[in-house]
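The next block holds one structure in the form of structure tokens; read it before the comments.
The values are calculated or read from the model by the stated rules, or taken from the named source; none is laboratory data. Given the structure is predicted, the values throughout are model-derived calculations rather than measurements. Glycine gets a Cβ as well: all are built from the backbone with ideal geometry, and neighbour counts include every protein chain shown. Each accessible area value is taken on the protein alone, full model and side chains, heavy atoms only, with ligands, DNA and RNA left out. Shrake-Rupley method; radii C 1.70, N 1.55, O 1.52, S 1.80 Å.
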Amino acid sequence: EADIYQTPRYLVIGTGKKITLECSQTMGHDKMYWYQQDPGMELHLIHYSYGVNSTEKGDLSSESTVSRIRTEHFPLTLESARPSHTSQYLCASSPSPGSGELFFGEGSRLTVL
Amino acid sequence: AQSVTQPDIHITVSEGASLELRCNYSYGATPYLFWYVQSPGQGLQLLLKYFSGDTLVQGIKGFEAEFKRSQSSFNLRKPSVHWSDAAEYFCAVGEGSGNTGKLIFGQGTTLQVKP
């Protein structure tokens with residue numbers, strides 16, 4: 001069983017609020033990722049990190065930011081949420097070296113009113 | 001650019017019937033291929049993966065998939081579907097060298113199981 005945790009699982013907030021989605025893993029994986037998933041759609045990579053103090057933007061442009069100060073922690077922040085940010089955000093990790101397999105958290109479903 | 005296509009958005013099968021979910025990919029070299037399953041309100045769970053070797057790979061929950069290079073396909077199969085298999089299924093290909101963990105996902109296939 002993979003040990004990767006996301007909080008909150010569900011969040012409903014108003015426009016303009018700052019939010020942070022938490023993601024933690026206890027597997028010691030170097031690589032971590034944030035994917036965005038809209039209903040009925042494929043997942044799109046928005047951020048990734050290959051280790052502490054390393055962060056990169058993914059293929060899908062996002063107004064969110066991430067940080068990687070500790071190996072086990074990879075939070076995602078939106079400074080000013082808008083309705084267009086309404087989506088499900090999935091955090092994942094992968095061992096290094098590895099086979100590219102991702103271990104996913106259960107997701108954070110964000111609704112911005 | 002790499003891409004993944006899952007032609008079937010929604011499939012309904014009867015419990016006990018066989019299942020095949022289609023996946024086609026676009027990539028020049030030997031791809032790293034994955035099938036994930038997502039139950040409602042949950043994250044994704046890996047069913048199986050292919051990197052090299054035997055083109056028929058076995059996964060969890062009785063699933064298998066066959067890599068066919070000539071058809072650029074990696075179809076998922078199960079001989080007898082259970083009601084608990086109802087979920088969303090995603091095919092994915094590893095971007096670039098494949099083991100970066102950066103995956104390109106298909107749009108997903110929703111599986112409904114009739115009693």
Projected label distance in nm at A:GLU79 and B:ALA17, using a 7 Å step from Cα toward the beta-carbon: 5.3 nm
Reachable lysines, given that their alpha-carbon falls under 23 Å from the alpha-carbon of A:LYS57 and they are not under 8 places away in the same chain: A:LYS17, A:LYS18, A:LYS31, B:LYS102
Other-chain or far-sequence residues with amide H under 5 Å of B:GLY108's (modelled H): B:GLN6, B:CYS91
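Per-residue mean of other chain beta-carbon atoms within 10 angstrom of the beta-carbon, peptide B:36-47?
Values: counts 4, 0, 5, 1, 0, 6, 5, 15, 11, 4, 5, 0.
Mean inter-chain Cβ contacts per residue within 10 Å come to 5.
Just the accessible area per residue of the stretch A:6-113, please: how many Å² with a 1.4 Å probe? Kindly include the intermediate steps, with their values, before the conclusion.
Numbers: 4850 Å² over 108 residues.
Using a 1.4 Å probe on heavy atoms only, each residue of the stretch A:6-113 averages 45 Å².
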Per residue value of the accessible surface for the stretch B:38-104 (all protein chains in place, 1.4 Å probe), Å²: 43 Å²
Whole-number percent relative contact order across chain A, with pairs defined as alpha carbons under 8 Å at least 6 apart: 36 percent
Table column - 3J(HN,Hα) (Hz), the stretch A:62-74, Karplus curve with 6.51, -1.76, 1.60, x for Gly and Pro: 9, 7, 7, 10, 9, 9, 9, 8, 10, 4, 8, 10, 9
From phi via Karplus (6.51, -1.76, 1.60), per-residue ³J(HN,Hα) for the stretch A:12-19 in Hz, x at Gly/Pro: 10, 9, x, 4, x, 6, 8, 9
Inter-part distance where the stretch B:41-71 and the stretch A:38-87 are each reduced to a Cα centre, Å: 27 Å
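Find the all-direction average of the projected area of the Cα convex hull for chain A, expressing the result in square nanometres with one decimal place.
Working: hull surface 26.7 nm².
For chain A, averaging the hull's shadow over all directions gives 6.7 nm².
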Proximal lysines relative to B:LYS61, as straight alpha-carbon distance under 19 Å, when same-chain residues fewer than 8 apart are discounted: B:LYS49, B:LYS78, B:LYS114
Potential extension, B:ALA1-B:THR55 segment - 0.36 nm per residue separation minus Cα distance: 17.1 nm
Dipole of the protein assembly as shown, positive end: most advanced residue of A:PRO83, B:VAL57, B:LEU76 [Cβ charges, Cα centre]: A:PRO83
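A plus B alone minus the pair: what accessible area, both sides summed, probe 1.4 Å, in Å² to 100? Write out the running numbers ahead of the final one.
Working: alone 6200 and 6020 Å², together 10380 Å².
Summed over both sides, the interface buries about 1800 Å².
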Cα-based equivalent ellipsoid, the stretch B:39-115: semi-axes from gyration tensor eigenvalues, Å: 23, 16, 11
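Only Cα pairs under 8 Å and at least 6 apart count here; give the relative contact order of chain B as a rounded whole percent. Write out the running numbers ahead of the final one.
Details: 282 pairs, mean separation 42.2, N = 115.
Taking the mean separation of contacting Cα pairs over the length of chain B, I get 37 percent.
How much of the accessible area of the protein assembly as shown, probe 1.4 Å, is carbon plus sulfur, in whole percent? Write out the running numbers ahead of the final one.
Details: 5220 of 10380 Å².
Taking all protein chains in place, the protein assembly as shown shows 50 percent carbon and sulfur surface.
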